Structures are given as structure tokens and as C-alpha cells.
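Just below is one structure, and these are the notes that go with it.
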Amino acid sequence: MKIYLSAIGLCFNVLFTQAQIFKKTDQFTKQDTLRGSITPERAWWDVVMYDLQVKPDFTRFTLSGTNTIYFKIVKSPAAKMQIDLQDPLTIDSAWLNDIPVTFSREGNAWFIDLPKGKMPKSLPQNQYKNGPLQQLKLVYHGVPKPALNAPWDGGVVWKKDEKGNPWINVACQGLGASVWWPCKDHQSDEPDSTQISIITPDTLMNISNGRLRNTSASVNGFKTWTWFVSKPINIYNITMNIGKYAHFKDTLMGENGKLDLDYYVMEYNLEKAKKQFEIVKPMLRAFEYWFGRYPFYEDGYKLVESHHLGMEHQSAVAYGNKFQNGYRGRDLSGTGWGMKWDFIVVHETGHEWFGNNISAKDVADMWVHEGFTNYSETLFLDYVYGTEAGNAYVQGIRRNIQNEKPIIGTYNVNSEGSGDMYYKASNMIHMIRQIIGDKSTFRLLLRDMNEKYRHKTVTGAEIEDFISKRTGFNLSKVFDQYLRTTQIPVLEYYLETSSGMQTLYYRWANCIKGFNMPINLPGNSNGKYGLMLATEQWQKMRTNFKEGEDLQKLMDKNFYVTYKKVK
């Protein structure tokens, strides 16, 4: 999560749209291509597991450690293997199936040389499913990029708590996990499982993703905290949280049985956290109602206090909203509804379904993460306070839409689209809900989506196609309009009365060619809507309005469009 607000000027500078509307102005480098594409040196192998061991040095702000990558060969190997690790961190040595190998560096991309162009024999104990499992062990060290304004400026957060104790967090969405450990840093390849071992002073604790598997005895004043993630994970979510934490826990009987709820906060915030986190159970019930079972029962659910605002770290959600409602105590919608719940708890947990369960292969499609998660806020309100509360909220957040750049970024260069992936994409989803009309059908669509793509990576096009097929409407023009342009459609209309008969004429303007989104239109002064297909050509419908009726006031505000009377 990186919330984009016009008030604080947080927007990315990435453009992508249809050629007839915008020209691409960003200039991308070879490093962007190496980071954002499936290069030949990435394509031939698939990550099965990461075994990460890291020791932070609190005095020198350094990291040292190892990452053992277990992988399988999926096609004929290239001569090299690409690993990502960002400057100024450095790889010291590499061992492929226990054989030392040479390597070279090109910026943040490292290329492991395969012995004589071939893989050495796989280790006999490493059998995975139907084939052998390969192993690459990397030893690395260095000073990682510090996050000066996390989570928007990613890296390692080196801070102290209010009592002067060391406090370390990580936030690396967009920037990538390779900012603090060596990996295959592309969202399309998630490990099936991950082990994370962090060495800390024995006076502190580390919380990472998944379940705590082991805590070593103190050796020379240090402990090792080993956590294990049993499900696929988007690697920007892999985290460490080191500090003097207090722990309390609870359970929820959910759709898949008992779900463990664990909370880690600074000791001096324990009582505030117990009160503020009471929202968790009703929130999880709301999300399971709308989206289906929580995706990570095996790994549990955690909220972990962080120095930065928050991030959707899978099964270990980072929380830094200071135990207050709203977004840093403010209502992003301006309606009052945003102050009835803790924004970070709800938004970041929504990512467990969208972003963590369903992950975009390319960051250009981050609307799949952020649009649906932003809309999870509306659905939470709908579940707890009713449909009108949700409608008011989603209409209110439109004030944060910039419409300066299209939502979808440029593919294969690690380029996110505009910040409108939050509020505008959320409003697009809200309109699709109106087009579907039936609440149960819309709910079933969301639940089926989370089952079909459970623990998978997807393209934005796959999600678009899934929604169109499930709704029975060809929504391709709607997606093109709202995701790939900055134009807001205008519904032009006028009313005619002839021989006592009243007719409403309407059509779309300021839209892409062939735009054909259905829209709710009023048929009388009581405001009862009928779903009507609108196109660029004039359509008409019989109506029965009172004389002098202001039709603008009767138009359905749940559609993010402009209404314009032309006669």
C-alpha cells in the first residue's frame, strides 16, 4: 500500500494509455528492463523456496546473511542465472548445488555463471514433486538503502522506539525485496514457501511472516528467530520487524475453522492496541462474507506495529496508524464515514485477498491490488453500517482522483501506473457492481475470483476477462475507458414531450470509440432506476417526470460519470 493523496502530493510519474490520447513520455533504461521483465536468465527457472538468514547490525546500519534458493528447471537453461540485489549491497559468494560458481554484476542485476553452460548434478536429497530440486546459496552483505519516508520511499527503517530501544522495519513495495536481500525480484514468480531467520540481540524480538518455527537460545547475546511461510508469498511482503515488542493473541472461528490472531506492539502501547484492534474480528467477518475464506489460515493473521504507516505484509500486516481511526486521524472521503474505523487495519488487511492471495504478475497491473483493496473499505462499511454508508464513502473518495495519467503502467519495466489505481479503480468496480445489480451475484463474483486465482499470480487482462464472463456483460470498453485513459465519460441527455408522451434521449460523449457502458437511468420523479444500455448514438426511453423536474438530481450518483443536459 502506498496511498496517493492530492493533498500531500504523492503520485508516481508513470504513463501508459491508448496512442490516440497520450504519447509515452517516460524514458526507461536497461536496468528497468532487467528489473521488470522475464529475461532469458530468469525464464528457465522457477523459485520453489527461499531460506533467508539475515543479521542486521544496529550500530553500522548493515545487513549480512545468506539466501538459499531452491528452484526447479522449467525449460532449457540459459548460460547464466539472473539474481537481483540492489546497490550498495553486494554478493560475496555463490554456490550452485554445493559447487562454487562465478558471477558478474550489471547494476542491480547479478548473473550467475553456470558451470560449462550446464547445471551441475542436483543434490540427491532435493527431490520436489516430479523432478529434482536445484539449490543456489548466496552470501551477501552491505549497507541497504535506508527508507527515509517509508512506506513511500522504500528500504530498511532504522529507528528507535520512545524508550530508546532499536526498532527496525522494512517497506519495499515498488522498490522491491532486492533492496535488502538477494532474490528473483519479479512479482510473477512467488516461492511456494519461505523460511526467514533473523538474528537479533537477545533483548529484542523479530516478527516475520508465517508461523514462528523456532527461537534459538542466546549465544553471545544474540538470538535467531525463525519463521516459516507455508503458502506462496509476493516477495515484497517478506519482512522483518525487530523491536521490544509485547504480544497478545485471540482467535476467530471463521469460514475455514479457527484462525489465530496475533498482535505485536510496543510495550507502552499495549492497552491502546487491545482497544483499537477490537475492529479486527468484525472486519475479518466482513471480508470473509464478501471475498471468501481468509487465504492464509495455515500461517495465521498478525498485526505488527511499525514505525512507518503500514504495509500489507502477508500474515504479518504492518501497522503504524497511531491507534486512531481514519487515515492518520483524517477522513479521506470527507463524508464522516472514514472516521468510524481504522484505515490502516482495514485497508492493509484487505490486501490479504487482493495483492497477497491474488497477485499481479507485472506492477503495471497494480490496480488489481489497490483498486479492489480500496473497494474493500466500501464493502466493510456496507457490511457494518449498510449500503448507503458504503455508497457515500466511495462517492466521497472521488475527490482524491487526479485523472492526470492512466491507471495502467508500462509493462516489463517495473513501472506502476498512476495513483488513481486506488480511488478511480475502486469507483470503476463500484459501477460494475451497479451494472450487475444483484448484491448476491456481485458477492459471488468476488468470492469465485478469490477461489479461482487462490495463491496465484495473474495479469490484469485475466481479471478483466473473468469479470466480463461472470457478469454476462462485455465490459472491455469500460476497462479501456477507466484504466487506460483519463477521460471521464459524459452522459448527454435531453427530455422531449410530444402528444402528451415524454421521452428521455441519452448518449455517451467524451469517451473512447465504441464505449457502451450500461447505466441506471430514472424513469420517473420517484427516482426508480432502470439499467439501460448507452452508446455513442442517441438512445431513448419513455419517462414520466413531473413538470419542471431537475433530472440532474435524479441521476444515479453511484456511477463515476458526468451528466450533461444538452437541450
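The values are calculated or read from the model by the stated rules, or taken from the named source; none is laboratory data. None of these values were measured; they are calculated from a predicted model. Note that we place each Cβ from the backbone using ideal geometry, even for glycine, and neighbour counts take in every protein chain shown. In case anyone asks, the SASA skips ligands and DNA or RNA and just uses the protein heavy atoms, side chains included. Shrake-Rupley method; radii C 1.70, N 1.55, O 1.52, S 1.80 Å.
Of note:
- Think of the chain as a dipole: +1 on every Lys or Arg Cβ, -1 on every Asp or Glu Cβ, centred on the Cα centre; then among P88, V478, T387, V478 lies furthest on the positive end.
- Simple label model, 7 Å out from Cα along Cβ direction - S468 to L212, nm: 5.0
- Nearest-ten-degree value, helix 280-291 long axis tilted from longest Cα axis of the chain: 60
- Computed about the Cα centre, the dipole magnitude for the chain is approximately 520 debye when only Lys and Arg (+1) and Asp and Glu (-1) carry charge, each at its Cβ.
- Kirkwood Rh, angstrom, region 412-544 [1 / mean 1/r, Cα pairs]: 16.8
- In terms of its C-alpha gyration tensor, region 234-277 comes out oblate, because a/c is 1.5 or above while a/b does not outweigh b/c.
- With θ taken as phi - 60° and the Karplus curve 6.51 cos²θ - 1.76 cosθ + 1.60 applied, the whole-hertz 3J(HN,Hα) list for region 139-148 is 10, 8, 6, x, 9, x, 4, x, 8, 7 Hz, x standing for glycine and proline.
- Paramagnetic label zone (point 7 Å from Cα along Cα-to-C-beta, W538; backbone N under 20 Å) in region 477-512: 490-511
- Mean projected area of the Cα convex hull of region 470-510, taken over all directions, amounts to 4.3 nm².
- Annotation: Cα Rg of region 203-323 relative to the compact-globule expectation 2.2 N^0.38 Å equals 1.07.
- For volume of the Cα convex hull per residue in Å³, calculated from these coordinates, the label among (1) 157; (2) 139; (3) 167: (1)
- Nearest 10 degrees, 0 to 90: helix 423-436 Cα axis against the chain principal axis: 60
- In the assembled protein chains, M49 presents an accessible area of approximately 40 Å² (probe radius 1.4 Å).
- Mean residue ellipticity at 222 nm, helices only, the chain: -6000 deg cm²/dmol; runs of at least 4 DSSP H residues each add -39,500 (n - 2.57), and the sum is divided by the number of residues.
- Once both labels are positioned 7 Å from their Cα atoms along Cα-to-Cβ, the gap between K274 and F28 label points is 5.2 nm.
- Extension gain for the segment S476 to I488, taken as residue separation times 0.36 nm less the Cα-Cα distance, is 2.7 nm to one decimal.
- With a cut-off of 12 Å between beta carbons, the residues surrounding V346 carry a summed charge of -4, where Lys and Arg count +1 and Asp and Glu -1.
- Potential lengthening of the chain between N220 and D92 amounts to 43.6 nm, from the contour at 0.36 nm per residue minus the alpha-carbon distance.
- Region 39-196: Cα Rg divided by the 2.2 N^0.38 Å rule of thumb: 1.10
- Virtual spin-label span in nm between E451 and F61, 7 Å along Cα→Cβ: 5.0
- Gain upon complete extension [T102, K557; 0.36 nm per residue less C-alpha separation]: 157.6 nm
- Over region 418-469, the reciprocal of the mean inverse Cα-Cα separation, the Kirkwood hydrodynamic radius, stands at 12.0 Å.
- Over region 508-550, the ratio between the Cα radius of gyration and 2.2 N^0.38 Å evaluates to 1.32.
- Between the helical axis of 387-396 and the longest alpha-carbon principal axis of the chain there is an angle of about 80 degrees.
- Projected over all directions and averaged, the alpha-carbon convex hull of region 308-379 occupies 4.9 nm².
- Nearest-10 value in Å² for the accessible area of C511, using the 1.4 Å probe: 20
- Rounded FRET efficiency, nearest 0.05, which uses the C-beta distance separating R398 from K546 and R0 of 35 Å: 0.75
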